[in-house]
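S.K.: Questions regarding the structure given below will be posed in turn.
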Amino acid sequence: MQFGLFTVSDVTTDPTNDITPTEHERIKALVTIAKKAEEVGLDVFALGEHHNEPFVSSSPTTTLAYIAAQTEKLLLSTATTLITTNDPVKIAEDFAMLQHLSDGRVDVMMGRGNTGPVYPWFGKDIRDGIPLAIENYALLHKLWSEHTVDWQGKFRTPLQGFTSTPRPLDDVPPFVWHGSIRSPEIAEQAAYYGDGFFANNIFWPKEHYMKLIGYYRQRFEHYGHGTADQAIVGLGGQAFMRTKSQDAVNEFRPYFDNAPVYGHGPSLEDFTEQTPLTVGSPQQVIDRYASMREYFGDYQRQLFLMDHAGLPLKTVLEQLDILGEEVVPVLRKEFAKDRPAHVPDGPTHASLVAARDAVAEQFAVAEQSAVPELVDGRN
Amino acid sequence: MTTRKLAVVSAGLSQPSSTRLLADRLTQATVDRLKENGTEVEVTVIELRDLAQDVTNNLLTGFASPKLQAALDAVTESDGLIAVTPIFTTSYSGLFKSFVDVIDPDSLTDLPVLIAATGGTERHSLALDYAMRPLFGYLHAVVVPTGVYAASSDWGSGSDSSSLSNRIGRAAGELATLVRESDRSSTVRDPFALPKGFSPVGGFGAQ
């Protein structure tokens, strides 16, 4: 089980003092937060991609490479990489490069992006969102799994004899997650390839995601990648913690009430009841997230959104201390309890290389044992 | 005995409201017509005033509270809808439109709908035909020919051929005919149905 952070990289005014960080401050804060994640023992840092204000992260691989150079163990990921408006060739190259530089500490989460104007700004049409996600990923997958690629599709200029460089580290591409809020097409796509499925559940009730994840698990099994409970599932989450529950509520409420996504809408109480947002003591957060497996099955990755709604960096770092020192160690134990041995851990480069080698060995053994049988058969 | 489900949406803001009064008259007339022909009816009345906060929250967050979801399910899984709004500033009320805006736009296809409205004077009666009817037309619902508009003065009119009670009766008859034929409430919908021809590798993926 992997625990980590994901961030959308928003520049938001702190509603309690009207201070707005500069882009430069926010970008540096992202790096500080990522390094802190490693320091407090988290496994993953995932960065969003946006091409409009008030977001600063337009170039995730640049940022992640800079973070990779200053960390040792942290797995670097995205939340999400826009498979619709980016050229899949450039995604293949950028992430393979990052994979080499970080010695395999990278995976990637595909997403469509829901900001209408970004599509035409990049020469695309939002009504093609799903077809773009499907076709572009088909090409990306091919570029990573085959050395020399001939390709023709609907959305991109054709390729003849093209090799994406550098080749993936150890010839094993970065693990791919497909992020989705509601589209069964994306769950189907993730299941088809045997890739991971990340349900970004932070704004919506769990009932919806129980069904969507159930569907992905069922289709994962259908496509022959393993049993339904071996499908690779990631979930989002949000928490704000103080030792005393009421202190957390009091401190977080102005940020909640003015937050860009849900501010001025439902009450903090309703929203915490209906979504994974948990505001209270560390024990309340432990109880809430330890119960997730009851609804979604044993899963592989839990990402928390911690730096949002204008929370100052100092507060975010305090939250990461609590998350890393008090919450996640307990959650690791809770999630390990009664977890069936055949349920895989969160994928890493090492686990993917091992899995690839195991398959190759099986084939080798099968070939060796197949030869005498054939000879016998002829006799 | 067959059973059909009828949903009634009333967007009146005052309590008591003439919009609810009209909705109740239309409901009773429709239920009576269906029963005359041996069809039982389950009626769910949705007062939008009770859901006003939830509707606004759904517009902001993108998801429905459990209470609002129950109302949305009642509408989308019904065999017929009676939709009644007050006319504000030449059109349906903002609350009524906000409720329609949080309904999945594909979920009212083929739904028989009776449109009705209330207003201070008869001068706004065409709002039914230039606002309400195109709204449900866009959603591929089937709107019955007779829309019922009740101005304040209608509540004191007699029972000649153009009276309110006469219009209610005609509209209810039209709706009842369609509701009886509907199989929407007994149809199982697959929320994960993929679009026809969908391939997880795309149209060119086989290359």
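S.K.: Scan A:366, A:358, A:350 and give me the residue that is at pLDDT below 95 and under 25 Å from residue A:105 (Cα atoms).
M.R.: Of A:366, A:358, A:350, the one residue that is at pLDDT below 95 and under 25 Å from residue A:105 (Cα atoms) is A:358.
S.K.: Something else: In the range A:32-68, how many residues are touching a strand residue (DSSP E or B) at 6+ places or on another chain (Cβ under 9 Å), more than 18 Å from residue A:348 (Cα to Cα) and not in a helix (DSSP H, G or I)?
M.R.: Matching residues across the range A:32-68 total 8.
S.K.: Still on this model: Just checking, does the range A:112-123 include any residue being within 13 Å of chain B (Cβ to nearest Cβ) and either in contact (Cβ under 8 Å) with a residue 40 or more places away in the chain or over 30 Å from residue A:354 (Cα atoms) (or both)?
M.R.: Yes, some residue in the range A:112-123 is within 13 Å of chain B (Cβ to nearest Cβ) and either in contact (Cβ under 8 Å) with a residue 40 or more places away in the chain or over 30 Å from residue A:354 (Cα atoms) (or both).
S.K.: So which residues in the range A:178-204 are within 14 Å of residue A:135 (Cα to Cα) and either within 8 Å of chain B (Cβ to nearest Cβ) or part of a loop (DSSP other than H, G, I, E, B) (or both)?
M.R.: Residues satisfying the conditions are A:185, A:188, A:189, A:192, A:193.
S.K.: Among the residues of the range A:125-154, write down those that are buried (at least 19 other Cβ atoms within 10 Å of the Cβ) and either hydroxyl-bearing (Ser, Thr, Tyr) or part of a loop (DSSP other than H, G, I, E, B) (or both).
M.R.: Of everything in the range A:125-154, those that are buried (at least 19 other Cβ atoms within 10 Å of the Cβ) and either hydroxyl-bearing (Ser, Thr, Tyr) or part of a loop (DSSP other than H, G, I, E, B) (or both) turn out to be A:137, A:153.
S.K.: Quick one: how many residues across the range B:90-111 are hydroxyl-bearing (Ser, Thr, Tyr) and surrounded by 19 or more Cβ atoms within 10 Å (Cβ to Cβ)?
M.R.: Residues that pass the stated criteria total 2.
S.K.: Search the range B:42-58 for residues being touching a residue at least 40 places away in the same chain (Cβ under 8 Å) and crowded, with 19+ Cβ neighbours inside 10 Å, and hand back the single one that is farthest from the other protein chains (Cβ to nearest Cβ).
M.R.: Residue satisfying both the conditions and the ranking: B:48.
S.K.: While we're here: What is the one condition in (1) surrounded by fewer than 17 Cβ atoms within 10 Å (Cβ to Cβ); (2) closer than 30 Å to residue A:283 by Cα; (3) more than 12 Å from chain B (Cβ to nearest Cβ) that residue A:227 does not satisfy?
M.R.: (2)
S.K.: Next question. Could we say that residue A:172 is surrounded by 15 or more Cβ atoms within 10 Å (Cβ to Cβ), β-branched (Val, Ile, Thr), more than 11 Å from chain B (Cβ to nearest Cβ) and under 16 Å from residue A:230 (Cα atoms) here?
M.R.: The answer is no for residue A:172.
S.K.: Give me the residue from the range A:8-25 that is in contact with a Pro (Cβ under 7 Å, 6 or more places away or on another chain) and among the acidic types (Asp, Glu) and, out of that set, surrounded by the fewest Cβ atoms within 10 Å (Cβ to Cβ).
M.R.: Looking at residues that are in contact with a Pro (Cβ under 7 Å, 6 or more places away or on another chain) and among the acidic types (Asp, Glu), I get A:14.
S.K.: Here's another thing I want to ask about it. Specify which of the listed residues (A:317, A:277, A:305) is within 14 Å of another protein chain (Cβ to nearest Cβ) and at pLDDT 95 or above.
M.R.: Only one candidate qualifies: A:277.
For (1) aliphatic (A, V, I, L, M); (2) touching a residue at least 24 places away in the same chain (Cβ under 8 Å); (3) not assigned by TED's automatic domain parsing to the domain that holds residue A:317, each residue gets a yes or a no:
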| site | (1), (2), (3) |
| --- | --- |
| A:18 | no, no, no |
| A:50 | no, yes, no |
| A:57 | no, yes, no |
| A:63 | no, yes, no |
| A:68 | yes, yes, no |
| A:80 | no, yes, no |
| A:86 | no, yes, no |
| A:96 | yes, yes, no |
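S.K.: Only one of B:147, B:197, B:202, B:158 is among the small types (Gly, Ala, Ser), within 14 Å of chain A (Cβ to nearest Cβ) and either surrounded by fewer than 12 Cβ atoms within 10 Å (Cβ to Cβ) or within 19 Å of residue B:122 (Cα to Cα) (or both); which?
M.R.: Checking each option against the conditions leaves just B:197.
S.K.: Hey, can you tell me all the residues within the range A:259-273 that are crowded, with 17+ Cβ neighbours inside 10 Å, away from chain B (no Cβ under 11 Å) and out of contact with any strand residue (DSSP E or B) (no Cβ under 8 Å at 6 or more places or on another chain)?
M.R.: Of everything in the range A:259-273, nothing turns out to be crowded, with 17+ Cβ neighbours inside 10 Å, away from chain B (no Cβ under 11 Å) and out of contact with any strand residue (DSSP E or B) (no Cβ under 8 Å at 6 or more places or on another chain).
S.K.: Also: Provide a single number: the residues in the range B:1-22 that are charged (D, E, K, R) and assigned to a helix (DSSP H, G or I).
M.R.: Number of matching residues: 1.
S.K.: Another question, if that's okay. Quick one: would you say residue B:61 is over 14 Å from the mean Cα position of the chain (by Cα), surrounded by fewer than 16 Cβ atoms within 10 Å (Cβ to Cβ) and more than 20 Å from residue B:42 (Cβ to Cβ)?
M.R.: no
S.K.: Could you go through the range A:146-158 and let me know if any residue there is within 18 Å of residue B:201 (Cβ to Cβ), in contact with a strand residue (DSSP E or B) (Cβ under 9 Å, 6 or more places away or on another chain), away from chain B (no Cβ under 14 Å) and modelled with pLDDT of 95 or more.
M.R.: Checked against the condition, which is being within 18 Å of residue B:201 (Cβ to Cβ), in contact with a strand residue (DSSP E or B) (Cβ under 9 Å, 6 or more places away or on another chain), away from chain B (no Cβ under 14 Å) and modelled with pLDDT of 95 or more, the range A:146-158 yields no hits at all.
S.K.: Just to check your reading of the model, which residue among A:334, A:325 is of a type outside the set (A, V, I, L, M), under 30 Å from residue A:14 (Cβ atoms), in contact (Cβ under 8 Å) with a residue 24 or more places away in the chain and assigned by TED's automatic domain parsing to the domain that holds residue A:25?
M.R.: A:325
S.K.: Which numbered condition trips up residue A:219, out of (1) free of Cβ contacts under 8 Å to residues at least 40 places away in the same chain; (2) more than 14 Å from every other protein chain (Cβ to nearest Cβ); (3) assigned to a helix (DSSP H, G or I)?
M.R.: Status for residue A:219: all satisfied but (2).
The values are calculated or read from the model by the stated rules, or taken from the named source; none is laboratory data. Keep in mind it's a predicted model, so treat the numbers as computed, not measured. Note: ideal-geometry Cβ built from the backbone for every residue, glycine included; neighbour counts use all protein chains shown.
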